[in-house]
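Presented below is the structure to which this report refers.
Nothing in this text is a laboratory measurement; each read-out follows from the coordinates by a stated rule. Being a predicted model, the structure only gives us computed values, none of them experimental. Backbone-built Cβ (ideal geometry, glycine too); neighbour counts: all protein chains shown.
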2 protein chains.
Amino acid sequence: MQKFWSWILPVLVGVILWFLPHPQGIEADAWHLLAIFVATIVGIILKPLPMGAVAMLGITLTVTLGIVTINQGLSAFGNRVIWLIVIAFFISRGFIKTGLGARIAYRFMSILGKRSLGLAYGMIATDLVLAPAIPSITARSGGVIYPLLRSIARAYGSDPDDGTSRKIGSFLIKASFQGTVITGGMFLTGMAANPLAAKLALEQGVEITWAGWASAALVPGLLSLLIIPWVLFKLYPPEIKETPAAAEMARAELEKMGAMKFQEWIMLFTFVLLLVLWIFGSLVGLHSTTAALIGLGVLLVSKTLTWDDILKEKGAWDTLVWFSALVMMASFLNELGLIPWFGERVGNWLNMDNWLIAFVLLSVIYFYSHYFFASATAHVSAMYLPFLTIALAMGTPPMLAALVLGFFSNLFGGITHYGTGPAPVLFGSGYIDMKDWWRLGGLASVINISVWFVVGGIWWKIIGLW
Amino acid sequence: MQKFWSWILPVLVGVILWFLPHPQGIEADAWHLLAIFVATIVGIILKPLPMGAVAMLGITLTVTLGIVTINQGLSAFGNRVIWLIVIAFFISRGFIKTGLGARIAYRFMSILGKRSLGLAYGMIATDLVLAPAIPSITARSGGVIYPLLRSIARAYGSDPDDGTSRKIGSFLIKASFQGTVITGGMFLTGMAANPLAAKLALEQGVEITWAGWASAALVPGLLSLLIIPWVLFKLYPPEIKETPAAAEMARAELEKMGAMKFQEWIMLFTFVLLLVLWIFGSLVGLHSTTAALIGLGVLLVSKTLTWDDILKEKGAWDTLVWFSALVMMASFLNELGLIPWFGERVGNWLNMDNWLIAFVLLSVIYFYSHYFFASATAHVSAMYLPFLTIALAMGTPPMLAALVLGFFSNLFGGITHYGTGPAPVLFGSGYIDMKDWWRLGGLASVINISVWFVVGGIWWKIIGLW
């Protein structure tokens, strides 16, 4: 039954919108594209087919119905922001393949892991270090960190099957989950939908660079990463506070791994090179996607990654397709005049004396509407552009508005057990019951919003965003 | 050692060309791009890394060295001709997954398979039917047909291990191999490098449509498909001439398969729809890529193909990358003025009274230079555009020149045991020794060239290509 409606609703919404009389000042093509766009978003939310397939059908409809030409319909496949994230997916495979990701985690564990709070910080530090180059938070949190957490929890006799979750597993998993939504928000390449937000912002004339995103997020991000685990440690404490065996285990694993292998060095070198190029490249006119291409080139030439590794990186190809479809539609909604028209209308309705309060309110609505979304991408593609348009119409400084909505597009992932990629994986471990997951997620969201608005607000004032 | 040179040579060629003083009238950027392009082609031929990786490095160099912007460097990823072939790869998976490909083969076998010559024609008929929608000749010949040939050969006690190859296996494999290079040449979507040729021709202002390619190839193609197996049957005869058991086996397999399944019907419907849209779509302004998108949409919505089938279709993603890299470079060689300059120069040197003889000679050189290439793509990307430019400068009618070089880009695959995807597979079966492979390949090439020039020439005159 649910399956049935997941098919019917997108079609129904699209057809109704299509035939609805369109407002004056809007061309028929723009209106029809809006109908297909909304139907695609509803499809991405309800998932009659996986996101990529729905997106592909969206492109198919758009070109078949003659709203854009086939050239225009495919144009976004050559978009540099999309390729930034696709190439980052390829590169991130190198962390897992070479074992460098695990080594970094063990290193932090061996240093910080003697107490359970330190262990949580160690995992979050790993996550933070990997975030710039692993845009799949599911790969980062679910692939690198979660396996370690499970083995630590088991080593301390904490297992949901025996009712011993709260010994240590619950705390570690919850803390690292809340950490990953923050680290994702700190880098343009930290989460797959961040470049989508950046691209949509560009439609409104706001160009977010890699370095610009990272520097704005730095202060509130680090503060959130410090506060949240500590609050969880107080309000959701593990029974075991001292964990010498974890640090011991990490040291043993490091010993077993031996010295850094050649390919790990290459991976490390590539990673540092990438960071340097992403941070300073814009000074010499090197686009972040070119930097990513260079990094990938190093990994290919050194055979750290084989071409077959690239071809079977399904997440990358999936991202290429859905991202291109959404960007194409959003671009043409803009080009055909619908988004400017919407912005103008909103500007006329809203007559704000104080954009600040209005923008805070708007962002909070944007944040908590994530209770209704099962993926950051779906949420960003549906709501980022209209909310940004409204924010700009209210007079919010453009870069501030674009970035805050971008940051929140990550932070809101922490509230439910379905709202972001790793959530179902970590929740599915069974260590945390749903009441706690939501309660603590809600609490963390309040802390995050406060930190990012208050401390972030001061920081953004200092760096001149408003 | 060979590995060493495969790395050194492309780099060396590129560096030398880069620093060579460039001829007057050519901008530095154009010359430098030529250096990278040639280095990439040499890399594709020598394969220090797989073709896709070499192509990716080509893009990386082009944008890192600032010859084109990152936007320009990625632009070809949105090219509609490239997506035509990528989507055709996806669709072709449906033939194998649903079993429709095998059913078609068994059907032809049961009708034509009572004699070994008929069996060969049956396999070629299968190949011909599948060719429009399966651009990977390796998938078509190696994936669908070769397994059947092996089981027939074994059923008749023909096995290279017992020295019984010539009983029937040698003939069947050789005939079907020579068939597949012809069927590939008959459709724009019959081989992965055909759209590359078409795209390169477009750089010279010649627009080849799907229907245009198919109609020009129809008569010489069918004639070649009739003559070659018969000649092989006479000059390289199988010991077993009557094969009632093969027809019997096919009937038994068909019985085992039972009635057409729902998804086979969908696949068949999609295939017919595609052919109709490809042939007649241009009348209503429907581009062949849009048609392919519609076909893919049908397969996705009917769940004949899952999204995961798409994501793991590595050949498609590989093609997307190498194709985009080559098209991008060729486009900018043109845009930066190198190809027009080359064409003009050639036009000044050549002062042909008779383009016809010159073009025949040129095409034959193009054909037999394939002895030096290990893939049609490498050959097309290296030689198609310069040879077409020369042909046009000599006064050859543009569409004729573009198509003949395109057809030959398939037919030349039959001469060696390494020159095209399925060749190593079929040669590797061990049924045919190298002397026979080359001897018969050489013979077939002479027949093909004669048929396509003489009968093809008359046909192309009738349909007004010259």
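How much mean residue ellipticity at 222 nm does chain A get from its helices, if each DSSP H run of length 4 or more adds -39500 (n - 2.57) and you divide by all residues, to the nearest 500 deg cm²/dmol? Don't skip to the end; give the middle numbers.
Details: 23 runs with 329 residues, N = 466.
Roughly -23000 deg cm²/dmol at 222 nm, from the helical runs in chain A.
Counting other beta carbons within 10 Å of each Cβ, put B:TRP341, A:TRP230 in order, fewest first. The partial results should precede the final answer.
Values: B:TRP341 17, A:TRP230 13.
The order, fewest Cβ neighbours first, is A:TRP230, B:TRP341.
Quick one: P(r) of segment A:341-439 from all Cα-Cα pairs, 5 Å bins, percents rounded to integers, in order of increasing distance.
Computed distribution, short to long bins: 2, 13, 22, 19, 15, 11, 8, 5, 3, 1, 0.
Across peptide B:58-69, what mean number of C-beta atoms from other chains lies inside 10 Å of a residue's C-beta? Could the numbers behind the result be given before it?
On the way: counts 0, 4, 11, 3, 1, 7, 6, 0, 4, 0, 0, 4.
Other-chain Cβ atoms within 10 Å of each residue's Cβ, averaged: 3.
Taking beta carbons within 10 Å but only from partner chains, what does the mean come to for residues B:306-313?
Numbers: counts 3, 11, 5, 0, 8, 12, 4, 2.
Partner Cβ neighbours, averaged per residue: 6.
When each copy gets a label point 7 Å from Cα toward the beta-carbon at B:GLY428, what are the spacings between them in nm, shortest first?
3.6
Quick check on the exposure proxy: order B:THR138, B:THR209, B:THR270 from fewest to most C-beta atoms within 10 angstrom. Before the final figure, lay out each step's value.
Details: B:THR138 19, B:THR209 16, B:THR270 24.
Taking fewest neighbouring Cβ atoms as first place, the list is B:THR209, B:THR138, B:THR270.
By the scheme Lys and Arg +1, Asp and Glu -1, what is the net charge of all other residues having a beta-carbon under 11 Å from that of A:GLU264? Working shown, then result.
On the way: positive: A:LYS97, A:ARG103, A:LYS261; negative: none.
So the environment of A:GLU264 carries a net charge of +3.
How crowded by other chains is A:80-89, given as the mean number of beta carbons from other chains within 10 Å of each beta carbon? Walk me through the numbers on the way to the answer.
On the way: counts 9, 0, 2, 5, 1, 0, 1, 2, 0, 0.
Taking the mean over all residues of the peptide, I get 2.
Give me the net charge for the shell around A:THR243: Cβ to Cβ below 14 angstrom, other residues only, Lys and Arg +1, Asp and Glu -1. Don't jump to the answer; show the numbers that get you there.
Details: positive: A:LYS114, A:ARG115, A:ARG154, A:LYS167, A:LYS241, A:ARG251; negative: A:GLU239, A:GLU242, A:GLU248.
Net local charge, A:THR243 excluded: +3.
Taking the Cβ of each residue in A:ARG150, A:ARG93 as the centre, tally the other Cβ atoms inside 10 Å and list the residues starting with the fewest. Display every interim value, and only then the final one.
On the way: A:ARG150 17, A:ARG93 21.
If I rank by nearby Cβ atoms, fewest first, I get A:ARG150, A:ARG93.
Quick one: 3J(HN,Hα) in Hz for segment A:369-382, Karplus 6.51/-1.76/1.60 with θ = phi - 60°, rounded, Gly and Pro as x.
Per residue, the Karplus-derived 3J(HN,Hα) values read 5, 5, 4, 9, 10, 9, 7, 4, 4, 4, 5, 4, 5, 7 Hz.
Starting from a label point 7 Å past Cα on the Cβ side, list the distances from B:GLU248 to the same position in the other copies, nm, shortest first.
Values, ascending and in nm: 7.3.
In percent, how large is the relative contact order of chain A, given Cα pairs closer than 8 Å and 6 or more residues apart? Write down the numbers at each step before the final one.
Numbers: 661 pairs, mean separation 106.7, N = 466.
Computed value for chain A: 23 percent relative contact order.
Find out how many positive minus negative residues lie around A:TRP317, taking Lys and Arg as positive, Asp and Glu as negative, among other residues whose Cβ is under 15 Å from that of A:TRP317.
Details: positive: A:ARG93, A:LYS312, A:LYS314, B:ARG93, B:LYS312, B:LYS314; negative: A:ASP308, A:ASP309, A:GLU313, A:ASP318, B:ASP308, B:ASP309, B:GLU313, B:ASP318.
Local charge sum for A:TRP317: -2.
For B:LEU218, place a label point 7 Å from Cα along the Cα-to-Cβ direction in every copy; what are the distances to the other copies, in nm, shortest first?
List, nearest first: 6.8 nm.
What's the ranking of A:20-33, B:124-137, A:417-430, B:308-321 by average number of surrounding C-beta atoms within 10 Å, highest first? Could the numbers behind the result be given before it?
Details: A:20-33: 14.6, B:124-137: 25.0, A:417-430: 19.3, B:308-321: 20.8.
With the highest mean Cβ count within 10 Å placed first, the list reads B:124-137, B:308-321, A:417-430, A:20-33.
Among the listed pairs B:LYS3/B:LYS435; A:LYS241/A:LYS435; B:LYS3/B:LYS199; B:LYS167/B:LYS256; A:LYS241/A:LYS461; A:LYS47/B:LYS97, which have their C-alpha atoms separated by more than 30 angstrom in this model? Please report the intermediate quantities before stating the final value.
Working: B:LYS3/B:LYS435 27 Å; A:LYS241/A:LYS435 23 Å; B:LYS3/B:LYS199 32 Å; B:LYS167/B:LYS256 28 Å; A:LYS241/A:LYS461 39 Å; A:LYS47/B:LYS97 24 Å.
Beyond 30 Å: B:LYS3/B:LYS199; A:LYS241/A:LYS461.
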